[in-house]
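The values are calculated or read from the model by the stated rules, or taken from the named source; none is laboratory data. Only a predicted model underlies this, so the values are computations on that prediction, with no experimental measurement involved. Ideal geometry is used to build each Cβ from the backbone, glycine not excepted, and the neighbour counts take in all protein chains shown.
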Amino acid sequence: MKPDRPQVEADLLQFVQARGPRYASVTPDTDLLDSGLLDSLLLTDLILHIEGQHGIEFDSHHVSPGNFRTVSAIADLVLGQFPPRPPA
Amino acid sequence: MKWPLHDRALPDRKLPLYNRFYLHAPRASHVDPVMVWGTEIDADALTSFLRERNRGGHVLLTTAHALIRATAVALAQFPDMNVRVVGRRVFAFRQVNIRMGFVHRGSREIDLLVVRDADAKSLEQIGLEVWQRLLQASRGTGPRDRDRARLRRIPGFWFRQVLRIYGFVDRHLRLPTLGRLDELRGGGVMVNDLSFPGAPPMRSYKATRFPDQADSLNLTLGPIESKVVARAEQFVSIGVMPLFLRADHRLVDAYQVGRFLAVLRDLLSHPERLDLPACTDALAAANT
């Protein structure tokens, strides 16, 4: 089932902020690339976390700057892996 | 089955005399052929290049990818450094294959990957290949991860015997690479990107040599630091990254190491030269 956006974003934000003091002030729109916060370890951990939480699988083609620039963009990527909800 | 080395060893007459002194030194002389040369690169240029490429690119690029590409391009310019020792002879590698150390998130330890023909691949191709391996490793699902799991189960005593026998054969014979575990021997250069966020300043670094004779050169990139330098008669603050090269005097001398590092440093400080079509011209410019 497609998760809610606020729920996905909050979960990702919590995961990133728990990384350490340097990450405590990260917001959904913080540029993780320009700020130098996103390294290969955080990225692979994030992907593993998402895969574990949502049962989806990413490949290397998903590792683009657009998909991982902000927490908000990562949430978009996650939600884009689910089929759209049928109209009520 | 692949043969990473050329069929014939380099003839003795082509080897510099002092390299041969190290190559043929008796074990009793306790000679140490390891050389380390440290330098710095312009981190501002590299980071702004990566930032720009990451604005619209389809693969997330990092300093590690740039280091692999730059090393491969520089090595293609210095084929006499793309070699290894077998017995007391020197063999050239057929391809420019670069190995890289990375943190294996699945088993929480260091692992190595190999990028084959790295001089013929674009930054994006290298990036895709590296991310694919990193993701496989973090899940523990790659074929190499299964091989590693099998190796891990071998008891210590037998592990040591296997390494001793394999190491002896590898040191003395020109072997093919047979599978995924020994594919590392297909590359003579290892790169190490230790510029991760939070890494302490790096003043010196001597990478250990991996216990196979193929590990001829090691390049390690450290974290960014600010430094005040004089430019156009003004003091300015710039970002620099330390770069250390560990080499083997049986294969190269300090002059070669210096020239190789100069080209590599130039490529990383002018990373636009890492793009495939521009590489030849840029290297020609760097060498003049």
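Of all strands (runs of 3 or more DSSP E) completely enclosed by the range B:29-117, which ones contain at least 1 residues that are surrounded by fewer than 20 Cβ atoms within 10 Å (Cβ to Cβ) and within 14 Å of another protein chain (Cβ to nearest Cβ)? Can you show your working first?
On the way: elements: B:34-42, B:83-86, B:89-92, B:98-104, B:109-115.
Where strands (runs of 3 or more DSSP E) fall fully within the range B:29-117 and carry at least 1 residues being surrounded by fewer than 20 Cβ atoms within 10 Å (Cβ to Cβ) and within 14 Å of another protein chain (Cβ to nearest Cβ), they are B:98-104, B:109-115.
Based on what the data block shows, is A:Gln7 surrounded by fewer than 16 Cβ atoms within 10 Å (Cβ to Cβ) and in contact (Cβ under 8 Å) with a residue 40 or more places away in the chain? Even if it seems obvious, please write down each step before you answer.
On the way: surrounded by fewer than 16 Cβ atoms within 10 Å (Cβ to Cβ): yes; in contact (Cβ under 8 Å) with a residue 40 or more places away in the chain: no.
No: the conditions fail for A:Gln7.
How about the range B:129-158: which of its residues are basic (Lys, Arg), modelled with pLDDT of 90 or more and out of contact with any strand residue (DSSP E or B) (no Cβ under 9 Å at 6 or more places or on another chain)? Please lay out each step first, then the result.
Of the residues in the range B:129-158, the ones basic (Lys, Arg) are B:133, B:139, B:144, B:146, B:148, B:150, B:152-153.
This time we only want the ones that are modelled with pLDDT of 90 or more, so: B:133, B:153.
If the condition is that a residue be basic (Lys, Arg), modelled with pLDDT of 90 or more and out of contact with any strand residue (DSSP E or B) (no Cβ under 9 Å at 6 or more places or on another chain), then B:Arg153 is the only one that fits.
May I ask you to verify whether A:Glu9 is under 10 Å from the mean Cα position of the chain (by Cα), over 30 Å from B:Ala45 (Cβ atoms) and either modelled with pLDDT of 90 or more or away from every other protein chain (no Cβ under 12 Å) (or both)?
Judged against the criteria, A:Glu9 is a match.
For the range A:16-50, enumerate the residues that are away from every other protein chain (no Cβ under 14 Å) and within 13 Å of the chain's Cα centre (by Cα).
Once the filter is applied, which keeps residues that are away from every other protein chain (no Cβ under 14 Å) and within 13 Å of the chain's Cα centre (by Cα), the range A:16-50 yields A:Gln17, A:Thr27, A:Pro28, A:Asp29.
Please find, within the range B:153-181, the residue that is farthest from B:Leu5 (Cα to Cα) out of those that are of a type in the set (D, E, K, R) and surrounded by 10 or more Cβ atoms within 10 Å (Cβ to Cβ).
First, pick out the residues of the range B:153-181 that are of a type in the set (D, E, K, R): B:153, B:160, B:164, B:170-171, B:174, B:180.
Now restrict to residues that are surrounded by 10 or more Cβ atoms within 10 Å (Cβ to Cβ): B:160, B:164, B:170-171, B:174, B:180.
Numbers: B:Arg160: 26, B:Arg164: 22, B:Asp170: 12, B:Arg171: 13, B:Arg174: 7, B:Arg180: 17 Å.
Here the answer is B:Arg160.
Identify, please: which residue in the range A:52-88 is assigned to a helix (DSSP H, G or I) and in contact with a Phe, Trp or Tyr (Cβ under 7 Å, 6 or more places away or on another chain) and is, among those, nearest to the other protein chains (Cβ to nearest Cβ)?
First pass over the range A:52-88, keeping only residues assigned to a helix (DSSP H, G or I): A:52-54, A:60-62, A:65-68, A:71-80.
Checking the rest, the ones that are also in contact with a Phe, Trp or Tyr (Cβ under 7 Å, 6 or more places away or on another chain) come to A:60, A:74.
Values: A:Ser60: 4, A:Ile74: 12 Å.
It comes out as A:Ser60.
Determine which single condition B:Ser226 fails, assuming it passes every other condition in (1) within 14 Å of chain A (Cβ to nearest Cβ); (2) touching a residue at least 24 places away in the same chain (Cβ under 8 Å).
Going through (1) within 14 Å of chain A (Cβ to nearest Cβ); (2) touching a residue at least 24 places away in the same chain (Cβ under 8 Å) one by one, B:Ser226 breaks only (2).
Give the number of residues within the range A:54-75 that are of a type outside the set (Val, Ile, Thr), over 20 Å from B:Gly127 (Cβ atoms) and surrounded by 15 or more Cβ atoms within 10 Å (Cβ to Cβ).
Let us first name the residues in the range A:54-75 that are of a type outside the set (Val, Ile, Thr), namely A:54-55, A:57-62, A:64-69, A:72-73, A:75.
After this cut, where a residue has to be over 20 Å from B:Gly127 (Cβ atoms) as well, the list is A:54-55, A:72, A:75.
Then drop every residue that is not surrounded by 15 or more Cβ atoms within 10 Å (Cβ to Cβ), which leaves A:54, A:72, A:75.
Of the residues in that region, 3 qualify.
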